[in-house]
Structure formats: structure tokens, C-alpha cells
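Here's the structure, in C-alpha cells; my notes come after.
The values are calculated or read from the model by the stated rules, or taken from the named source; none is laboratory data. From a predicted model like this one, the values you see are computed outputs, not experimental measurements. Neighbour counts run over all protein chains shown; Cβ positions are idealised from the backbone, glycine included.
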Amino acid sequence: MTEDRKKASEEQLAYAGVLNIGMWIGLALLVVTFIVYISGALPSYVPIEKLSEIPQGSNVPYWGMRAHELNEVFNIPTGWGWTSLVGKGDYLNFVGIAMLGGLSILCYLAILPILIRKKDTSYVVIAVLEVAVLLLAASGILKAGGH
Amino acid sequence: MIHSRKVLRILIVVLSIMVLFISISAFASETQDVAKETASASTTPWWVWPLVLFVVTFILGILAVLGGVGGGVLFVPIVGGFFPFNIDFVRGAGLLVALAGALAAGPGLLKRNLASLRLALPVALIASSAAIVGAMIGLALKPNVVNILLGATILFIVLIMGTAKKSDFPKVPKPDNLSQSLHIMGIYREESLGKDIEWQVHRTPQGLALFIVIGVMAGMFGLGAGWANVPVLNLLMGAPLKISVATSKFLLSITDTSAAWVYLNQGAVLPMIVVPSIVGIMLGSIVGVKILVKSKPKAIKSMVIGLLFFAGLRALLKGLEIWK
């Protein structure tokens, strides 16, 4: 009994397995797409050299502007709008970032069948609620106000 | 005599790093001034800043491992205080830096049964929901308000790091009803003692309530929240230190995910800042682990506390517009 409790549970190992594979894929995507971006192999939506420039009439470079200001200046779509720009070097990077961001959702979905089979009702509820919270965060429905 | 030499050495290292950061900051404002006078374009080639960022985050990665802190807590105040990037993008990058580190460490910690899924899942649900609220508040606040609050938080973290005690094996006389009903307990092999340690937790409702505050702060400032997770799991809830540290690290992979999505969806993520930072911190962490074997943790922890104090002060003074 003690030997069993010393080992990681089935759901814990399943979570670790998905996390391990997804993490390496996500990090590899991040590095490869960044090399594509800075090499100029694909044109960027916001020209790479523009970011450090100071626009006329401003005190700060473009990357010193607030996020919503930069979005306005370059007409950058918010939410999942970046998917329409994935052919551009800068937005290609978001594939790896989104992969890392979505990984926890995949891990929860992987352990759900195990929790259901074990009739671990409270953790099934917790896992379902967590997936709902992460999907809500990822959905782009939530907007920060105050601008 | 030997003690004073050690203190002197630490002071020299801390001062050198401070001079480096001040030089970066001065260089940023000088190039901006020149650019404003000459035309609209910056006089610095675009690749200089990502390169400097990579070098600095590489150093931060080493210091984070040696000082026993997460990369995010060093990243946000230092990069936010001394680089020409807006605090919105720095916080977005800070969350992704902490997230990448947690995702990388997670599988190993879970497989070794040091990070406990049963302990992490209820906590993560509370903290990740609160982190969304924190991220929305953070993006709605003015940058100087964020800097003032960030500076105050970092100085508070310095206080916690300098004074809080840790307990390897806290005594939990009786687990509370909630932790019992959720079966939050476990057993792990403590190699340093050569024996199995059984653990359980108490004061779960109070701990979960505190994770609301921790989640909000993580989302608002883009900090990994290990500095707060560990004391709550270890000192308040009574989980052994190793379980607390490992579960905290794994927990960040869920808490920071929810806040990172809010920053991503609001356009507050710039790959030019994110990728060099993640790669820099990760490579620095690998080197840090190798140095850790030969280093004296106490001396390095003092150095990290000194740096955090400096970065916190900088954020506070920047927010108050005393040191622009």
C-alpha cells in the first residue's frame, strides 16, 4: 500500500506525459519561428526595425508604447485575430506561444477520462471547471478596460 | 576577516550588476533623446536590444537558480525598470518566461511525485481564476500606478525572503475536513534522510483564500508567484518544503497560463521580447544548476535579495516619477 502511495498516480503520470511532449514541441516551435522571424525569411506585419524607432511626436519607441496604443498604430487585431496574420514572420511566433498556452488544457483533457473511471467526482468537477476557466481566458472574450 | 571579505565580494558583484542595469537604462534614454533630436528613427539597430535582453536574462537565469527564486520575479522589475519596453509587454513576457520554466520543470516533478496533482489542482483552479482578474486589472491600470504597486510588491517580497523561515517537515496534527475529503496527502522518498515521508495538509480553506490574492498579483504584475506559493503551502498548509517548492513550480504552469492568455489576446505580447527572454532564462538556469553544486547558497541569496531590493526601488521611484 505504502509502495503504491509513493509512486505518482496514474493521472499524475498521464498529465506529466502530455506536458513533456507538448512542452518540447512548443519550445521547438518558438525557437524555429523566431529564427524565421529575425532572418526575414517571411515578411513581418510590423517591420522588425520599426519596433525600436521613435515615431514623430512621441517620446517613446513603438515597443515603449502601451499595448493598446501599438495595436491602434499598426492596426493589429486583438484576440484570435492573429491567426489571420500567421503567414507573417512576427505572427508566426504566436503558434508556439499559443501551443505553450494551450498545453495545460490538453493535460486536463488527458486526465479527465482517468478521473471519471476512478469515480473521483470532486476532481472531475475541479478539472472540468479548470478547463472552462482556461478556455474562457483563451477565448478573447475578456477585455481589459480603462483605455 | 573571511566574513568581511565575503560581504565585500557580494557587494562588488551586486554593485557591478547595478551599474550594468543603470548603464542599460541610461543608454536607452540617451538613444531616445538623440533619435528625437535627429529624426524619428532610433539610432540603435533593432537587434541590439534583443541581444542585450538575451544576455541579461541569461544572467538572471543563473541568479534565479542560485538564489532559489523564479525567473519571473527577477525579470519583470529588472527588464521593466531598465529596458525601453513598455511595462505591458514586459509583464506579458514575464508570464511567458515563468510559464515556460514551469512547463519545462513540470513533467520531472510530477513523475518523481514531488509535485502533487491532488494538492495543485484545487489551488490552481482558485489561483488561475484570480490571475485572469489580476491581468485585466493590470492592463487597465496606468503604467506609473503599475510601477508603484510593483515596486511596493517587490520590496515586500524582499522582506519575505529576508525574514520568512521555512520548515522542512511541518507538523500537521490533524488534517482539515476539506483536505481529507479531497484526499490531499501523499508520501515521498526523502533521499537526504534515506526514509519515506508521509505528508498531509491543514488549514486548506485559509490557504485557498490566500491563493486568490496570489493569483491576482501574479496576473497583475506578470510575476511568477513562487515567492508566495511556497510560504502558503509550506508554512500555512503544512506541506513539506520539497513538496511545496515542487508543487508551487508546477502550479505556475496553470496560474500563469490563464493570465498569459489575457495578455496575448490584448496584444501585450511581443515575440521580439518574449523569445530571447525565454531562451536566455532557460539557458541561464541550466548553467545555474551546474554552478549551484559548487556555490554557497546563502551568499548568493543575499546577492539576489540585494538585486531585488534595487529593482523594486527602481520600479517604485519610476512610478513616482522620481527616477525616470
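For this structure, a couple of remarks:
- Going through (1) out of contact with any Leu (no Cβ under 6 Å at 6 or more places or on another chain); (2) on the phi < 0 side of the Ramachandran plot one by one, B:VAL76 falls short only on (1).
- Qualifying residue in the stretch B:189-201 (condition: outside any loop (DSSP other than H, G, I, E, B), in contact with a helix residue (DSSP H, G or I) (Cβ under 9 Å, 6 or more places away or on another chain) and closer than 12 Å to B:ALA127 by Cβ): no
- Test: residue in the stretch A:97-108 that is at the interface with chain B (Cβ under 9 Å from one of its Cβ atoms), under 14 Å from A:ALA14 (Cβ atoms) and not hydrophobic (A, V, I, L, M, F, W, C): yes
- Checked against (1) more than 7 Å from chain B (Cβ to nearest Cβ); (2) surrounded by 21 or more Cβ atoms within 10 Å (Cβ to Cβ), A:THR121 passes all but condition (2).
- Residue tally, condition surrounded by 21 or more Cβ atoms within 10 Å (Cβ to Cβ) and at the interface with another protein chain (Cβ under 7 Å from one of its Cβ atoms), over the stretch A:71-91: 1
- Complete set of residues in the stretch B:110-135 that are within 29 Å of B:GLN180 (Cβ to Cβ), part of a helix (DSSP H, G or I) and more than 8 Å from every other protein chain (Cβ to nearest Cβ): B:LEU119, B:ALA120, B:VAL123, B:ILE126, B:ALA127, B:ALA130, B:ALA131
- Any hit, the stretch B:237-250, residues being assigned to a helix (DSSP H, G or I), under 14 Å from the mean Cα position of the chain (by Cα), within 18 Å of B:ILE154 (Cα to Cα) and not polar (S, T, N, Q): no
- For the stretch A:14-58, taking the residues that are within 7 Å of chain B (Cβ to nearest Cβ) and more than 23 Å from the chain's Cα centre (by Cα), the one that is farthest from B:THR247 (Cα to Cα) is identified as A:GLN56.
- B:ALA124 vs. criteria small (Gly, Ala, Ser) and over 22 Å from A:VAL133 (Cα atoms): no
- Some residue of the stretch B:187-194 being crowded, with 24+ Cβ neighbours inside 10 Å, out of contact with any Gly (no Cβ under 6 Å at 6 or more places or on another chain) and not hydroxyl-bearing (Ser, Thr, Tyr): no
- Filter result for B:ALA218 (buried (at least 24 other Cβ atoms within 10 Å of the Cβ), in contact with an Asp or Glu (Cβ under 7 Å, 6 or more places away or on another chain), in a helix (DSSP H, G or I) and within 14 Å of another protein chain (Cβ to nearest Cβ)): yes
- For the stretch A:71-97, a residue qualifies if it is among the aliphatic types (A, V, I, L, M) and free of Cβ contacts under 8 Å to residues at least 24 places away in the same chain, and the qualifying residues are A:VAL73, A:VAL86.
- Scanning the stretch B:136-168 for residues that are assigned to a loop (DSSP other than H, G, I, E, B) and modelled with pLDDT of 90 or more returns B:LEU141, B:LYS142.
- Qualifying residue in the stretch B:163-181 (condition: within 25 Å of B:ALA64 (Cα to Cα), without any contact (Cβ under 8 Å) to a residue 40 or more places away in the chain and not polar (S, T, N, Q)): no
- Filter result for A:ILE111 (at pLDDT 95 or above, buried (at least 16 other Cβ atoms within 10 Å of the Cβ) and of a type in the set (A, V, I, L, M, F, W, C)): yes
- Extreme residue, nearest to the other protein chains (Cβ to nearest Cβ), among residues of the stretch B:258-311 that are surrounded by fewer than 18 Cβ atoms within 10 Å (Cβ to Cβ) and aliphatic (A, V, I, L, M): B:LEU283
- Filter result (small (Gly, Ala, Ser) and more than 14 Å from chain A (Cβ to nearest Cβ)) within the stretch B:160-191: B:GLY162, B:ALA164, B:SER167
Rundown of residues vs (1) in a helix (DSSP H, G or I); (2) farther than 21 Å from B:GLN266 by Cβ; (3) of a type outside the set (A, V, I, L, M, F, W, C), yes/no style:
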site	(1), (2), (3)
A:ILE25	yes, yes, no
A:VAL31	yes, yes, no
A:PHE34	yes, yes, no
A:ILE54	no, yes, no
A:HIS68	yes, no, yes
A:GLY87	no, yes, yes
A:VAL95	yes, no, no
A:MET99	yes, no, no
A:SER104	yes, no, yes
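- Residues that are in a helix (DSSP H, G or I) and more than 10 Å from every other protein chain (Cβ to nearest Cβ), drawn from the stretch B:70-89: B:GLY71, B:GLY72, B:VAL73, B:LEU74, B:PHE75, B:VAL76, B:PRO77, B:ILE78, B:VAL79, B:GLY80, B:GLY81, B:PHE82
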